[in-house]
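Inspection log for the structure reproduced underneath, given as structure tokens.
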Amino acid sequence: MSYAVDRRGFLRVAGAGAAALGLGPALASCGSNQQSGTVTLTWWDYFTLDNFQPAFARLISDIESNVDVRIERRTFPFADLERQLTLGAVSGDLPDIAIVDNVSMNSLGGSGLLADLTERVEEWGQADKYYEGPWAGCQVDGRTLGLPNNSNCLALYYNAGLLDAEGVRPPTTWDELAAAAQRLTSGNRFGLALSAIRTEEGVFQFLPFLWQAGGDLNTFATHGATALSFLDDLVAKGSLSEQCVGWTQQDVNTRFLTQRAAMQINGPWQLPTIRPSNVEYGVVALPRDKEAATCLGGENWVVMESSQNQDKAWEVLEYAQRPSVLVPYLVALGNLPARKDLASAGTWASDPALRLFLSQLPLARPRQYGPRYADASTAIAEAEQAVLTGTAAPSAAARSAAAKIDKALEGR
């Protein structure tokens with residue numbers, strides 16, 4: 001995403017709030033109405049910035065002209081949408097269609113709020129057009145609960161001028177990354193910048209290290225310790241600032257643009273600010289350890305179970321995924337496609353940096369860990385903060401976090 005929000009700030013909500021109160025989907029009121037042949041559908045999203053509005057206006061006008069619907073769109077701040085959907089399960093105020101962050105599928109997917117699209121998707125026959133990671137991000141308990149509309153992931157940006165001056169090649173492994181970061185550190189410039197803030201934004205950046213070490217959440221005590229140790233060593237050697245525990249991904253990019261960081265871990269949404277800068281940059285895949293990995297971001301389009309117009313809502317989703325509709329929309333928003341059959345269709349086909357990000361989507365992993373992922377995410381963030389601020393050793397922090405993570409995963 002290219003929008004200036006706390007991109008992966010994770011809002012801990014009770015996704016099953018309606019179920020906890022004994023309210024099933026049948027008790028939730030419909031979010032739309034029927035008017036003389038044209039169905040009115042309500043649509044919620046979090047794309048609030050002014051620069052997004054022309055793209056959405058064109059898309060909605062196109063949909064209304066071709067699907068015979070009227071769209072009533074409502075926007076919320078990024079951090080509020082999931083909470084509003086949860087509250088709507090109680091109040092009955094829910095949309096027909098929502099565009100949600102893909103990590104929200106953890107809490108929303110098991111809440112009964114989302115319509116099961118499995119049979120519609122099977123009849124549609126387009127599932128094999130999508131990259132595996134984005135498609136997996138819409139699967140909950142073997143059912144398809146949404147369509148991945150766009151995708152992004154993380155990669156390593158580097159300042160080509162600084163690397164050339166120091167005779168450093170873009171790193172491809174952890175050892176090379178550590179060596180390059182140390183070589184490029186000078187004065188008030190750190191070799192590497194990344195976000196380790198105590199939110200999902202920081203966890204989004206940490207998880208690739210865990211996966212690259214060969215682990216996952218269920219092996220955090222060992223592989224989490226390996227990942228934490230690697231980052232701790234970068235801080236100890238002065239290659240990575242301890243202040244990264246307070247940096248958002250936007251803060252990281254600012255340090256890269258001002259040449260206070262020779263390399264940064266970040267996503268394609270930063271390119272609109274990097275391209276016009278004076279920084280000569282390049283982008284490579286995240287350096288690997290035992291294996292290559294990156295973290296999947298992006299949005300999913302979902303239909304609410306409470307909608308009384310699910311047929312029309314599905315028509316909207318299907319129409320918006322047609323290449324002739326989807327490509328102009330993604331280009332306008334600066335997003336990458338979740339559909340692999342569109343790899344050569346947009347601006348990403350000719351832009352070297354975007355092509356690099358696109359090439360990493362097959363490796364990008366969704367954060368699909370069940371309804372209590374928020375608890376696991378908090379444990380990871382706390383462990384990273386403790387290690388990088390020197391208040392806990394990596395092994396001890398990993399063991400403590402693992403106990404909390406295991407407890408959260410038991411609720412899957």
Exercise for the section: Within the range 350-367, identify whether any single residue is open to solvent by 40 Å² or more (accessible area, probe 1.4 Å), assigned to a helix (DSSP H, G or I) and closer than 24 Å to Val303 by Cβ, and answer yes or no. Expected result: no
Exercise for the section: Pull up the range 381-405, narrow it to residues that are surrounded by fewer than 16 Cβ atoms within 10 Å (Cβ to Cβ) and small (Gly, Ala, Ser), then point me to the one that is nearest to Tyr369 (Cα to Cα). Expected result: Ala403
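Tally up the residues in the range 321-348 that are part of a helix (DSSP H, G or I) and farther than 15 Å from Ala127 by Cα, please.
12
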Handout entry: Which listed residue is at pLDDT 95 or above and crowded, with 16+ Cβ neighbours inside 10 Å, from Val103, Val67
Key = Val67
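Identify all residues within the range 72-98 that are of a type in the set (Gly, Ala, Ser) and assigned to a loop (DSSP other than H, G, I, E, B); write none if there are none.
Passing the criteria: Ala79, Gly92.
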Problem - Subset of the range 128-160 [surrounded by fewer than 24 Cβ atoms within 10 Å (Cβ to Cβ), of a type outside the set (Val, Ile, Thr), within 17 Å of Trp314 (Cβ to Cβ) and in contact with a helix residue (DSSP H, G or I) (Cβ under 6 Å, 6 or more places away or on another chain)] - result: Lys129, Arg143
Handout entry: Within the range 290-317, tally of residues that are open to solvent by less than 30 Å² (accessible area, probe 1.4 Å) and either of a type in the set (D, E, K, R) or in a strand (DSSP E or B) (or both)
Key = 10
Practice task
State whether one or more residues within the range 92-110 are over 16 Å from the mean Cα position of the chain (by Cα) and among the polar types (S, T, N, Q).
Solution key: no
Handout entry: strands (runs of 3 or more DSSP E) wholly inside the range 140-227 containing at least 2 residues that are hydroxyl-bearing (Ser, Thr, Tyr) and under 29 Å from Gln259 (Cα atoms)
Key = 155-159
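Within the group Gln243, Gln250, Gln264, which residue is open to solvent by 20 Å² or more (accessible area, probe 1.4 Å), touching a residue at least 40 places away in the same chain (Cβ under 8 Å) and among the polar types (S, T, N, Q)? Step through it out loud before you land on a result.
Values: Gln243 fails: touching a residue at least 40 places away in the same chain (Cβ under 8 Å); Gln264 fails: open to solvent by 20 Å² or more (accessible area, probe 1.4 Å).
The unique qualifying residue is Gln250.
With respect to Leu286, is the statement that it is under 18 Å from the mean Cα position of the chain (by Cα), crowded, with 19+ Cβ neighbours inside 10 Å and assigned to a loop (DSSP other than H, G, I, E, B) true?
Yes; evaluated as a whole, the condition is true for this residue.
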Fill in the blank from the handout: Counting only residues in the range 161-189 that are of a type in the set (A, V, I, L, M), within 21 Å of Leu286 (Cβ to Cβ) and open to solvent by 10 Å² or more (accessible area, probe 1.4 Å), the one nearest to the chain's Cα centre (by Cα) is identified as Ala178
Practice task
Take Pro366 and decide whether it is under 16 Å from the mean Cα position of the chain (by Cα) and touching a residue at least 24 places away in the same chain (Cβ under 8 Å).
Solution key: yes
Exercise for the section: Kindly indicate whether any position in the range 257-269 is under 19 Å from the mean Cα position of the chain (by Cα), closer than 22 Å to Leu361 by Cα and either in a helix (DSSP H, G or I) or among the basic types (Lys, Arg) (or both). Expected result: yes
Problem - Set Thr144, Thr219, Thr185: member being among the polar types (S, T, N, Q) and in contact with a Cys (Cβ under 7 Å, 6 or more places away or on another chain) - result: Thr144
Fill in the blank from the handout: Only one of (1) in contact (Cβ under 8 Å) with a residue 24 or more places away in the chain; (2) open to solvent by less than 40 Å² (accessible area, probe 1.4 Å); (3) within 21 Å of Pro54 (Cα to Cα) does not apply to Val327, and that is (1)
Completion exercise
Apart from one, (1) touching a helix residue (DSSP H, G or I) at 6+ places or on another chain (Cβ under 8 Å); (2) touching a residue at least 24 places away in the same chain (Cβ under 8 Å) all hold for Ser400; the odd one out is (2)
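The values are calculated or read from the model by the stated rules, or taken from the named source; none is laboratory data. Here the structure is a predicted model, which means the values were calculated and not measured. So basically every Cβ, Gly included, is an ideal-geometry build from the backbone, and we count neighbours across all protein chains shown. The area values use the complete protein model at the heavy-atom level, side chains included, leaving out ligands, DNA and RNA. Shrake-Rupley method; radii C 1.70, N 1.55, O 1.52, S 1.80 Å.
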